[in-house]
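Student: Supplied in structure tokens, the structure appears directly below.
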Amino acid sequence: MTPTVVQFDPPFVVFFGDIADDTYGKTGLGLVQWRGEECIGQLRLRGCGVDAGVPDLTVAQAVGAGARSLIIGSAAVGGGIPPEWVATLCEAAAAGLDMARAQADAASQAVSIELERNRQLAGELGVCGALSWIAGRKPLEGFVGYDRLKAAREGNSAG
């Protein structure tokens, strides 16, 4: 099986919107953890309860710091783009931050096929919701940091 790759140009800034907790920010938190050297900061709207531990930036500051891409690192409740996010995302697009490449990759047939495979596998395993990893036979839900994933892989009960 060939892996599906969604590409974007670094350095990038992660947009968390106004999500309340880490469960909805797994994508952005994972990018900061696993590709942190390419992340220059985060964009958070008022009320956002997620902090990836990187600098908070405005769109202008992100562009000034050299950001080339904005990654929507959160999932809005109910799907879609909440109206409260639109002005900031439009500002980012107008400032030249690339969102189209990742969106085009995400809308590709290869990604659709991979998502369907994952959905079928999840059904076979009886899992649903915000599942991030399976270590052995144990599902680890929500954002899973490196230490917890490593402990789970090594069979430590802390995972």
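Student: Please report, ordered by residue number, the strands (runs of 3 or more DSSP E) entirely within segment 65-159 with at least 3 residues that are modelled with pLDDT of 70 or more.
Tutor: Numbers: elements: 69-72, 131-135, 138-141.
Qualifying strands (runs of 3 or more DSSP E): 69-72.
Student: Consider segment 10-29. How many of its residues are closer than 18 Å to residue 99 by Cβ and assigned to a helix (DSSP H, G or I)?
Tutor: 3
Student: In segment 31-64, which residues are surrounded by 15 or more Cβ atoms within 10 Å (Cβ to Cβ), under 16 Å from the mean Cα position of the chain (by Cα) and part of a helix (DSSP H, G or I)?
Tutor: Across segment 31-64, the qualifying residues are 31, 32, 33, 38.
The values are calculated or read from the model by the stated rules, or taken from the named source; none is laboratory data. Here the structure is a predicted model, which means the values were calculated and not measured. Cβ: placed from backbone, ideal geometry, glycine included. Neighbour counts: every protein chain shown.
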